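This report concerns only the one structure given below.
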Amino acid sequence: MEAVLKSPCDEQHPQQAEDFHENLEQSSKPSAGVKKDIEKLYEAVPQLINVFKIKKKIGEGTFSSVYLATAQLQTGYEEKMALKHLIPTSHPLRIAAELQCLTVAGGQDNVMGVKYCFRKNDHVVIVMPYLEHESFLDILNSLSFEEVREYMFNLFKALRRIHHFGIVHRDVKPSNFLYNRQLKKYALVDFGLAQGTPDTKIELLKSAHSEDQQGSCLQMNPIVTLGNGVSVSVTAPKQIAQQSASKAADRRSSSLSKVQMKQGRGGKEDSVHHSVQRSVFGERNFNVYSSTYQENSSTKLIKQSKVIDVSSRKLVTKKKIISTRTVSSGAARKAASACPLNLPCDCYATDRVCSVCLSRRQQVAPRAGTPGFRAPEVLTKCPTQTTAIDMWSAGIIFLSLLSGRYPFFKASDDLTALAQIMTVRGSRETIQAARTFGKSVVCTQVVPTQNLRTLCEKLRGTNSSCKGSQGEGPSRSENNTALSVAADKPCAPETLGKQIEHLQSLQEGDGALETKEADMKGWDQVPDEAYDLLDKLLDLNPATRITAKEALLHPFFKDIRL
């Protein structure tokens, strides 16, 4: 069976090429392995032979491979194309939803789309124009302030476009916003993780939205601590804990089966197979994320009489085995009745997890995205997530641009990521914001809010106290992140105190470079409007966070035409 679809759009693939650890522009001659892959692609989708000449593979990930090809036009001119070959196990609904996002919202306002789509049996190839673009890290320290302003303006144009159609991108980050510096072209790409708002205009996202919401609102979160005297606890609202144990157990069983039946890209959320932790920057397969913090915390803090088998998600005790993967309705009712949801525990704000908390169900909520760019409501597993999560991610990009540090945040788990956010936005503010979306966050340490201008200028080396002299210029060292976690300790989250000390040491300019006034490129005259916009983007409350439409009208862009 064969189908060809044509629509006016741009590209979505190079985003993945860069996401898959920037395999772009390899040697002109493909290796023997790549040649074999190209031959297999021609065999799988033979109609490509008469249209495209595939040059090389430029990206490879968990769910697709991307190739650079040329198409012979009737005018005799060869046009570069990007061919994204989706693996045969990708869920058809997910593929169709991604294509619909590209065809409906793409092609305008810096949003990439698709030109053609070829299908032969279970093989799908999406064809997009090839856009050459620079690596964000390579150009970060050479961008002028005016270039940064134009970059953010064009990013907001793209977000306004997709949000108008009710599309939540979920993975906004530099490698998914392509930038051709010379041509001043921009493109928001990769809708593989996209979800729809309740009023989305993308029909195929409505089905995914309703499926994701089932069983996600009536589930409990265990209390988890960071240890070493500093704890961060995230729990659901009190009224959720008072729901009927039997009803919640039935819904838990139903929702678990649905989550684990997802295949392809749809199965990325809460998958129990992705237990290998990866850093934020340098991921080859950007769709792979570390296991949830509940798994890590349980593995770290559980008593010797209990053992967690992460691979099968089983809690093993001396008396019985409870499997969250294959629990029947009757067994779920029995387990729930044995440990009522509203039973008080004795581990609250301590460095351990009691048996009562271990028996509680984990909350199911969307958490897809890239570590370091996830909003607080995503980190705390808020079941209701809106387009505001994209604006938070845009704020993290802006923070990296103003500070000259990328990635700015890098954590091995969600609780450490939340602690890192607290070191910048404040612990009290984070706790207060969490209450607005039904979450209770407990922190054993009070952390004040950082002044964003002071923070960014010190990290970049342009603070007012050292203008015209030596400053803490952005270092191109191996650890170019403002807040990071040691790679050799994947199961032990850093304490909040260590995060604060690390940030202070960076501000003191260890190993910093000299910043010359002649090379400031406008960074010595950053207006207050820039930091006001950053503050609104990093609003901890998603309900009051600035929208893309409002951002474009912000005084920071007063002399840029829409």
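The values are calculated or read from the model by the stated rules, or taken from the named source; none is laboratory data. Please read all numbers here as calculations on a predicted model, not as lab measurements. Cβ placement follows ideal geometry from the backbone for every residue including glycine, while neighbour counts extend to all protein chains displayed. Side chains included, ligands, DNA and RNA excluded: accessible areas come from the protein's heavy atoms. Shrake-Rupley method; radii C 1.70, N 1.55, O 1.52, S 1.80 Å.
So the values come out like this:
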{"quantity": "Spherically averaged projected area in nm², based on the convex hull that wraps the Cα atoms of the range 23-150", "calculated": "10.1 nm²"}
{"quantity": "Most to least packed among 153-159, 134-140 [average Cβ atoms within 10 Å]", "calculated": "153-159, 134-140"}
{"quantity": "Computed E for residue 544/residue 446 - FRET, C-beta separation, R0 25 angstrom, nearest 0.05", "calculated": "0.65"}
{"quantity": "Among 124-132, 533-541, the order from most to least packed when residues are scored by Cβ within 10 Å on average", "calculated": "124-132, 533-541"}
{"quantity": "Protection proxy ranking of 67-78, 191-202, 401-412, 378-389 - average other beta-carbon atoms within 10 Å, highest first", "calculated": "401-412, 378-389, 191-202, 67-78"}
{"quantity": "The range 54-189 - percent of accessible surface contributed by carbon and sulfur, probe 1.4 Å", "calculated": "49 percent"}
{"quantity": "In nm, spacing of pseudo-spin labels at residue 31 and residue 345 (7 Å Cα→C-beta vector)", "calculated": "4.7 nm"}
